[in-house]
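Shown next, in structure tokens, is the structure this report addresses.
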Amino acid sequence: MRRTVFSRRPGGSPRRMVALATVAALGTGLLAGCAADKEEPGGSSGGGGGKGKTTITVGVFGAFGLKEAGLYDEYMKANPDVVIKQTSIERNENYYPQLLTHLGSGSGLADIQAVEVNNIAEITRTQADKLVDLGKTEGVTKDAFLPWKWAQATTEDGRTVGLGTDIGPQGICYRKDLFKAAGLPTDREAVGKLWAGDWQKYLDVGKQYKASGKGKAFVDSASGVMAAVTGSSAKRFYDEDGKVIYKTNPAVKEAWDIAAAFATEGLSGKLQQFTPAWDQGFSNGNFATISCPAWMLGYIQDKAGEKGKDKWDVAQAPRPSNWGGSFLIVPSAGKHKDEAAKLAAWLTAPEQQAKLFEKRGSFPSAKTAYDLPAVAGAKHEYFANAPIGEIFAKAAEGIPVTIVGPKDLVIAQNMADVGMLQVDQKGKSSAEGWKAAVKAIDNALDQ
């Protein structure tokens, strides 16, 4: 069986951009300061172009993974008349405003630009007329992708302006030693059955864990739980018409109430994700579970270290949920838009997505990649040889077609860092935390 090596993507997809560059990725990295723009050839053969060669530029945020996985080099080897050059900005909160500015002016754009999942709704709704319809590109097949991923970058009139690279299907990572001490099962299938189908059951298991009196905190943070629960709902912060509905949406209320209960019932480690204290929590084994997308496995391995090996495992989440993911778009103003569309189609093809997963831990958004050996046979040695290809493919296929709004990130960030953090760390009531979150969101949205 294949062992997949996971390397977290700085600058990517996680939901809290105050401290992050998704996740993802797919994933956002370790909070280095903003790096200056840097231009890199796709590989050693990138050079400076050359007579008779076409130079295709790719603009990304963070260590996006395409270059690191060797995909640029592979493409250039097969297409010797093409040179790929990549420009990277470390953090998405610096990258994305520049992208909007360049799209508005029609200048300063790379031939291919990356877009983080929390920004794709705004790009699709407000910038589609400036982008190539990649759904019509040769080699692109709609049915190869997960329906909800394809829909996120498709306009109402059917133009698909972004091709998905990766997604962030979530499982529940858990400490077997802490579960055993609390009298809970440790086998991943048995653990998954404890909370299958209902996030409330996850809370109930937490209460059972605490009642044993032998464990540390059950979860790392209440905000992490809230993000996982909201990520499993089709409607979150917006409805189909683009109206902000988080205040009245029962799914958001459920996520808030369950997460707040983790805090008020004393089940949370009261940690803020992607901070030094959170990192130390992995190393010290300070909590028993965490909602974890595929890209986080490498992060846990890095922070928990050798002493955490074989203590961590991963089970199915209560309901399929997504955290992270990105897209590639091709601006119409680009110098080489036809060649760029061809490259974007190749980079997001199932075969390349499987390679990206194998080498970087970015889980494919192309569902047909799940049958390829690099995904189907993937196991993670650090997590007790867990069949992570099977686990995350099952989660990915169950994720609902989620409505992504233009200010999802703003709403999620304020709910977590202004509202829930007060409940989790400062002892505020659930009602007080909600009031603070709503006030901050209304101010941010000018409502």
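What follows draws every value from the coordinates through simple rules; no lab data is involved. Computed from a prediction, not measured in an experiment: that's the story for all the values here. With ideal geometry, Cβ positions are generated from the backbone for all residues, glycine too; neighbour counts draw on all protein chains shown.
Quick notes on this one:
- Here the range 226-256 and the range 105-179 have alpha carbon centers that stand 20 Å from each other.
- Each of 150, 294, 354 was placed along the dipole of the chain (beta-carbon charges, centred on the mean Cα), and the one lying farthest toward the positive end is 294.
- Think of each Lys and Arg Cβ as +1 and each Asp and Glu Cβ as -1; about the Cα centre, that makes the dipole of the range 169-323 roughly 340 debye.
- Judged by the mean number of other Cβ atoms found within 10 Å, the most tightly packed of the peptides 94-101, 300-307 leads the ranking 94-101, 300-307.
- When the Cα convex hull of the chain is projected onto planes of every orientation, the mean area is 19.8 nm².
- Ranking 186, 211, 268 by Cα position along the charge dipole of the chain, where only Lys, Arg, Asp and Glu carry charges on their C-beta atoms, puts 211 farthest toward the positive end.
- Here r is the Cβ-Cβ distance between residue 129 and residue 257 and R0 is 45 Å; the resulting FRET efficiency, rounded to 0.05, is 0.65.
- Rounded to the nearest 20, the Cβ-based charge dipole of the chain about its Cα centre (Lys and Arg +1, Asp and Glu -1) stands at 940 debye.
- Projecting label points 7 angstrom from Cα along Cα→Cβ for residue 212 and residue 177 puts them 1.4 nm apart.
- Close amide-amide hydrogen proximity is noted between residue 54 and 82, 83, each under 5 Å apart and 5 or more residues distant or on a separate chain (H modeled in the peptide plane; Pro and chain starts excluded).
- Ranked 411, 112, criterion: other C-beta atoms within 10 Å, fewest first: 411, 112
- Each of residue 240 and residue 371 was given a label point 7 Å from its Cα along the Cα-to-Cβ line. The distance between the two points is 3.2 nm.
- Theoretical FRET efficiency, 1/(1+(r/R0)^6), r = Cβ-Cβ of residue 247 and residue 78, R0 51 Å, to 0.05: 0.45
- With the simple model of a label 7 Å out from the Cα in the direction of the Cβ, residue 445 to residue 198 spans 3.1 nm.
- Cut-off 16 Å, label 7 Å out along Cα→Cβ of residue 381, residues of the range 267-307 by amide N: 298, 301-302, 305-307
- Full-stretch length increase - residue 142, residue 105 - with 0.36 nm per residue and alpha-carbon distance subtracted: 10.3 nm
- Fewest-first sequence of 429, 88 by Cβ atoms within 10 Å of each Cβ: 429, 88
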